C-alpha cells in the first residue's frame, strides 16, 4: 500500500501557466523574438506551448508541462526566467496546476 502512495507522488504531472496581457501591439514583436530565443533553451521540458487569446491580439498564455516528485510544486526555474524576461512587456500572472483525475475516470473513457 505504501508503494502505491509513493508512486502517486512521483507521477505528479504539472502545468505552469504564465499569462501576459501586453500593453501595446508593438510588444508582440518583442515577445516573438523572446520566445524564439527561449525555445532554443527549453531542454528538459517535454512540452512548452504558447497560446494567443482568440479575441485580444495582445493577450498570451505560455504553458510549461512538466513532472515532479515534490509535494508542493511552486513552478520551475525556467518559468521564473520567463517571468523575469517578460515583465517589461505588460501585466503577468503565474500559476501552477497539478493534474488530478477522479478515481476510475481514465478507465471509464
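Values quoted throughout were computed directly from the atomic coordinates according to the rules given, and no laboratory measurement underlies them. From a predicted model like this one, the values you see are computed outputs, not experimental measurements. Cβ coordinates were reconstructed from backbone atoms using ideal geometry, including for glycine residues, and neighbour counts include every protein chain displayed.
If you stretched the chain out fully between residue 53 and residue 28, how much longer would it get, using 0.36 nm times the residue separation minus the C-alpha to C-alpha distance? So the chain would gain 7.7 nm between residue 53 and residue 28. With both labels modelled 7 Å from their Cα along Cα-to-Cβ, the residue 97 to residue 84 distance reads 2.7 nm.
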